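Enquirer: Would you mind keeping the following structure in view while I ask a few things?
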Amino acid sequence: MNIHSDIFLISMNRCRRRHILSTCALFLLTNSLCLAQPANDKKDWPQILGPQRNGISQESGLLDRWPAGGPKEVWRVPGGVGMSGLVISRGRLVTLVQKDGEQQLVSLDSLTGKTVWEQPLASEYQNGMGNGPRATPAISGDLIFAYTGEGILAAVNFASGKIVWTHNVVEELGGQVADYGMASSPLVIDNRVHVTVGAPNATVAAYETTTGKLVWKSGEDPAGYSSPTLLNVGGRSQLVVYSGASVLGMSPDDGALLWRHPYETNFDCNIVTPLAVKDQVFVSSGENHGSVLLSLKPKGSKFDVSEVWKSQGPKSVLRNEWQTSILQDGFLYGFDNVGAAGPVTHLTCINALTGERALQQLRFGKGNLIAADGKLFMTTMNGELVVARISSKGYDEIGRAEVLKQTRQAPALSNGLLYLRDNDEIICLDVRKP
């Protein structure tokens, strides 16, 4: 049997809980937390998949011709092992890396790559499907929220790197570490931070941002490997969670279950972040599974769920492994993996409202993508950066260059600079028009 984690490497091994270095929560907050928290700049990339958690940036003025030799490299510095993505805010780049036997939250100057601070959060995390932390941090005001491979949620001061509070969420709520590690990237809504846990009565848990106090926990599903998101669907704002067994809608106020749609995959490998498509919810999974668009009809304080369209099985039009598709002008652009986590992946565009395939770039290869200024910025598993114009009529590549080693993280974009990482390095490229 060929077992594949859509985030991590193929293996039959089960992950085990690792011993961690315990960290004491600070009782008093720093003076900066007592002040009004500055908002993230509109060109920041403060969380997984960017400002709106959908992989789309509103930046413009980006390259439309391939420079000789490719985009200019601004800086390149050593990083560390792990699958955590990059976040940028107010001149700082933050990510989780594993090095020197620790999972560390690191902050770099986003213009120079110079280290600002490094903060150990736990001992190293090892897993047969790939070592190191999985989740991408989230920056909100003066705090950074990070979630380690074994499920330690920490709040860290943005300026100093000092730990404000920490919880071993999985252990405290009586859960078990997911087979391939905890991969939920924290979601901040107002004064609460949310993570998927998968513990009994705690598919999701919400904590106060400044104190770390547990506000609510809700749900009976296993965690899966997706990150929760806030979507305006079904006529209201709701927390949408792609668990290991279903798609869930919850009230952000108290975690009350609004609706649930079963969606099971082998090994709980539901990984992508749900997307809103005209008041409806889109999700996809690999492992030869497929995609579905869900409609929500209000029924009292809850919702009835129905399938607008679905495409399942070996002939599905779109089977995202770990990559969240990009929605642009009514079309979804994403990576369609063929077979049970096989090596063949097509870059695919489908009509989001009907599920009809518009185009396909065959055997494009596994990768990640974000969108900005009418273009897709993609990284492939063999370390290439590929830039193509967004079009449902045909594939229009601007250029490509090998800039990294093997990578599974999506790019991050801020102020015309594109940030990428692999298990060895973090790099910054200038993708502005000359």
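Enquirer: Would you mention how many residues in the range 31-55 are modelled with pLDDT of 95 or more and not small (Gly, Ala, Ser)?
Expert: Counting residues in the range 31-55 that are modelled with pLDDT of 95 or more and not small (Gly, Ala, Ser) gives 10.
Enquirer: In the range 207-237, how many residues are of a type in the set (S, T, N, Q) and either more than 21 Å from the chain's Cα centre (by Cα) or surrounded by fewer than 23 Cβ atoms within 10 Å (Cβ to Cβ) (or both)? Spell out the reasoning first.
Expert: So in the range 207-237, the residues of a type in the set (S, T, N, Q) come out as 209-211, 218, 226-227, 229, 232, 237.
If we keep only those that are either more than 21 Å from the chain's Cα centre (by Cα) or surrounded by fewer than 23 Cβ atoms within 10 Å (Cβ to Cβ) (or both) too, we end up with 210-211, 218, 232, 237.
Number of matching residues: 5.
Enquirer: Report yes if GLY399 is more than 24 Å from ARG92 (Cβ to Cβ), assigned to a strand (DSSP E or B) and under 19 Å from the mean Cα position of the chain (by Cα), otherwise no.
Expert: No; evaluated as a whole, the condition is false for this residue.
Enquirer: While we're here: Could you check the range 410-421 and list, in sequence order, the residues that are at pLDDT 95 or above and surrounded by 20 or more Cβ atoms within 10 Å (Cβ to Cβ)?
Expert: Going residue by residue through the range 410-421, those that are at pLDDT 95 or above are 411-421.
Hits for the range 410-421 are PRO411, ALA412, LEU413, SER414, LEU417, LEU418, TYR419, LEU420, ARG421.
Enquirer: Report, by residue number, each residue of the range 88-131 that is aliphatic (A, V, I, L, M) and in contact with a strand residue (DSSP E or B) (Cβ under 7 Å, 6 or more places away or on another chain).
Expert: ILE88, LEU93, VAL94, LEU96, VAL97, LEU105, VAL106, LEU108, VAL116, LEU121, ALA122
Results for (1) surrounded by fewer than 17 Cβ atoms within 10 Å (Cβ to Cβ); (2) part of a strand (DSSP E or B); (3) of a type in the set (A, V, I, L, M, F, W, C), shown as yes or no for each residue.
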position: GLY255; (1), (2), (3): no, no, no
position: ARG260; (1), (2), (3): no, yes, no
position: SER306; (1), (2), (3): yes, yes, no
position: GLN323; (1), (2), (3): no, no, no
position: PRO343; (1), (2), (3): yes, no, no
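Enquirer: Enumerate the strands (runs of 3 or more DSSP E) found wholly within the range 40-145, keeping only those where 1 or more residues are surrounded by fewer than 23 Cβ atoms within 10 Å (Cβ to Cβ).
Expert: It comes to 72-78, 92-99, 102-109, 115-123.
Enquirer: Still on this structure: Kindly indicate the residue of the range 196-228 that is touching a strand residue (DSSP E or B) at 6+ places or on another chain (Cβ under 7 Å) and touching a residue at least 60 places away in the same chain (Cβ under 8 Å) and also nearest to PHE145 (Cα to Cα) among those meeting that condition.
Expert: The qualifying residue nearest to PHE145 (Cα to Cα) is THR209.
Enquirer: I would also like to ask the following. Output the number of residues of the range 146-159 satisfying the condition of being in a strand (DSSP E or B) and small (Gly, Ala, Ser).
Expert: Qualifying residue count for the region: 3.
Enquirer: Let me ask something additional. May I ask you to verify whether GLU73 is in contact with a strand residue (DSSP E or B) (Cβ under 9 Å, 6 or more places away or on another chain), acidic (Asp, Glu) and under 16 Å from TYR419 (Cα atoms)? Steps first, please.
Expert: Numbers: in contact with a strand residue (DSSP E or B) (Cβ under 9 Å, 6 or more places away or on another chain): yes; acidic (Asp, Glu): yes; under 16 Å from TYR419 (Cα atoms): yes.
Answer is yes for this residue.
One line per residue, one yes/no per condition, for (1) among the small types (Gly, Ala, Ser); (2) closer than 25 Å to SER60 by Cα; (3) modelled with pLDDT of 95 or more:
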site	(1), (2), (3)
PHE335	no, yes, yes
GLY342	yes, no, no
LEU353	no, no, yes
GLU356	no, no, yes
ALA372	yes, yes, yes
VAL386	no, yes, yes
SER391	yes, yes, yes
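Enquirer: Can you tell me which of LYS405, LYS433 is among the charged types (D, E, K, R), touching a residue at least 12 places away in the same chain (Cβ under 8 Å) and within 19 Å of PRO67 (Cα to Cα)? I'd like the intermediate steps shown before the answer.
Expert: Numbers: LYS405 fails: within 19 Å of PRO67 (Cα to Cα).
Result: LYS433 is the single residue among LYS405, LYS433 that is among the charged types (D, E, K, R), touching a residue at least 12 places away in the same chain (Cβ under 8 Å) and within 19 Å of PRO67 (Cα to Cα).
Enquirer: Moving on. Scanning the range 82-114 for residues that are over 11 Å from ILE426 (Cα atoms) and of a type in the set (A, V, I, L, M, F, W, C), which turns out farthest from the chain's Cα centre (by Cα)?
Expert: For the range 82-114, the residue satisfying everything is LEU111.
Enquirer: In addition: Can you name the number of the only condition in (1) in contact (Cβ under 8 Å) with a residue 60 or more places away in the chain; (2) of a type outside the set (D, E, K, R); (3) out of contact with any Lys or Arg (no Cβ under 9 Å at 6 or more places or on another chain); (4) surrounded by fewer than 23 Cβ atoms within 10 Å (Cβ to Cβ) that PHE364 fails?
Expert: Among (1) in contact (Cβ under 8 Å) with a residue 60 or more places away in the chain; (2) of a type outside the set (D, E, K, R); (3) out of contact with any Lys or Arg (no Cβ under 9 Å at 6 or more places or on another chain); (4) surrounded by fewer than 23 Cβ atoms within 10 Å (Cβ to Cβ), PHE364 violates only (1).
Enquirer: Determine which member of the set VAL193, VAL170 is part of a strand (DSSP E or B), closer than 26 Å to ASP142 by Cα and not acidic (Asp, Glu).
Expert: Values: VAL170 fails: part of a strand (DSSP E or B).
Unique residue meeting the criteria: VAL193.
Enquirer: While we're here: Examine the range 372-380 for a residue that is in contact (Cβ under 8 Å) with a residue 60 or more places away in the chain, over 23 Å from SER226 (Cβ atoms), assigned to a loop (DSSP other than H, G, I, E, B) and out of contact with any Cys (no Cβ under 7 Å at 6 or more places or on another chain), and state whether such a residue exists.
Expert: yes
The values are calculated or read from the model by the stated rules, or taken from the named source; none is laboratory data. Just so we're clear, the structure is a prediction, and the values are computed from it rather than from any experiment. Methodologically, a virtual Cβ is constructed for each residue, glycine included, from the backbone with ideal geometry; neighbour enumeration extends over all protein chains shown.
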